[in-house]
1. Kirkwood-based Rg over Rh for the stretch 18-163 (C-alpha set), two decimals?
2. Which stretch or stretches of the stretch 270-286 have amide N atoms under 16 Å from the point lying 7 Å from residue 257's Cα along the Cα→Cβ direction?
3. So what's the chain giving for Rg/Rh, alpha carbon basis, Kirkwood Rh from the mean inverse pair distance?
4. Hey, quick one: spin label on residue 341, modelled 7 Å out along Cα-Cβ, who in the stretch 213-241 has an amide N within reach, i.e. under 14 Å?
5. Report the full-extension gain for the segment residue 201 to residue 91: residue separation times 0.36 nm, less the Cα-Cα distance, to one decimal in nm.
6. Can you tell me the orientation of helix 181-191 relative to the chain, as the angle in degrees between its alpha-carbon axis and the longest Cα principal axis, to the nearest 10?
7. Once fully extended, how much extra length lies between residue 178 and residue 285, figured as 0.36 nm per residue of separation less the alpha-carbon to alpha-carbon distance?
8. Starting from the alpha-carbon convex hull of the stretch 244-359, give the projected area averaged over all orientations, in nm².
Ligand code: M6R
């Protein structure tokens, strides 16, 4: 049931605070990350993590690659499952093969898991559905505890996947001695703040409802960000195109001058992610270049930015990952409200199914 919300997607955005809390539950001690479901020997002899997924789960995998390399200091690669299947990839035994799937049934992702098993790689699935095909097949499993997700546009599953990856990167960091104990302790206290960061404020939702009317007609959207905010930009663009049918692309901010900026004009809307704690000055100058070429800019940041046509202020946070989660909610609500104004069926977007179990 929708519990008074207009759409399941809206309800699921509001549920993120408690499902993220569920995902953290029992997995944080004062000084370490606990994954009782994992055998510590899973990481023995592993020198690379390969992540494979589709759609939103692919975006969470891409986010994870920044965390694994930064904190666990382990080489990490990310693959789109439908590509990986057919390109005769090199499967090396020192690779941990990780599939990510809300449903656990996506055909392409499931097939890559079978390939990894056949190549005798160690396998791990991050999944939201217990007893799904991937959970049954993988050697190890971490469940995301997002609860049933009905909206075709994935929201709370993504939030819980990224939460798991943040925890897993610290868990592996401890095994590999790649982070100081005090740093891990600091991250644990930041993780405890995530349920608060993803809580929807009425004020923010009202602001986005009003703002959405300015972003209905144009010839497209750029979502831009740097570092882990690049996968978040991809996810923001995917959310918007799935339910609004408007053309949207996610880019790394630094790629603009390599081609895309040629499209800049007032009818080109740029949704700019400007986190205070991750490459702020660099990102800011990329946005200024777009502004100078007359793109209409909507900036999301905790720091005031006077070059933007619209400015969405998020809370001041002490860490970029908390900014990540705050911005994630803004992007989800923005897509939702634009879609509502366009009169679309938010939960059942055209041409899409919740689970893609055929090729
Ligand atoms: O169930 P999965 O996570 O494997 O699904 C993967 C994609 O089909 C899914 O994330 C899709 O992109 C969503 N509609 C995104 O909102």
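Read the figures in this text as sums done on the coordinates, not as results from a lab. Everything quoted here is computed from the prediction, not taken from an experiment. All Cβ positions, even for glycine, are placed from backbone atoms using ideal geometry, and neighbour counts span all protein chains on display.
1. Ratio value, two decimals: 0.94.
2. 281-286
3. 0.95
4. Those under the cut-off are 213-221.
5. 35.0 nm
6. Helix 181-191 sits roughly 50 degrees off the main axis of the chain.
7. Details: separation 107, 0.36 × 107 = 38.52 nm, distance 3.27 nm.
Going from the current span to full extension adds 35.3 nm.
8. Result: 8.9 nm².
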